[in-house]
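What follows is a single structure, written as structure tokens, with notes after it.
The values are calculated or read from the model by the stated rules, or taken from the named source; none is laboratory data. Bear in mind that the values here come from a model prediction, so they are computed numbers and not experimental data. Here the Cβ is made from the backbone with ideal geometry for all residues, glycine too, and neighbour counts use every protein chain on show.
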Amino acid sequence: MEEQVDQILDKVMATPGNLGCLLANNQGLCIGARGNASKKSAGIIVAISEQASQLDPNCNAPVVSLEVGDKLCIIHKNG
């Protein structure tokens, strides 16, 4: 599984403009992080995703977009 996580992180970080990537499980445990992504933020990121999914129960995978200056943080639950 660790190799799969590394492959996903590598693929995301290979995209021009991406500064960081974080993968977490449903309980908010950090599975892997690269770049500027802080492992400590995994729990709050999962909580934000869960709260967003409660806004529309028919949408099972909302995308949360946070903009700060010229930076963009996208939170997406997959699976």
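Within segment 1-33, track down each residue that is in contact (Cβ under 8 Å) with a residue 12 or more places away in the chain and aliphatic (A, V, I, L, M).
Within segment 1-33, Val5, Ile8, Leu9, Val12, Met13, Leu19, Leu22, Leu23, Ala24, Leu29, Ile31, Ala33 qualify.
Could you please find all residues in segment 38-65 being modelled with pLDDT of 95 or more, touching a strand residue (DSSP E or B) at 6+ places or on another chain (Cβ under 6 Å) and exposed (fewer than 14 other Cβ atoms within 10 Å of the Cβ)?
Result: Lys39, Ser65.
Within segment 8-34, restricting attention to residues that are surrounded by 13 or more Cβ atoms within 10 Å (Cβ to Cβ) and small (Gly, Ala, Ser), which residue is nearest to the chain's Cα centre (by Cα)? Show your work before the answer.
Step one: filter segment 8-34 for residues surrounded by 13 or more Cβ atoms within 10 Å (Cβ to Cβ), giving 8-9, 12-13, 18, 20-24, 28, 30-34.
The next check asks that each one be small (Gly, Ala, Ser); those that pass are 20, 24, 28, 32-33.
On the way: Gly20: 9, Ala24: 7, Gly28: 10, Gly32: 10, Ala33: 9 Å.
Out of the qualifying residues, it is Ala24.
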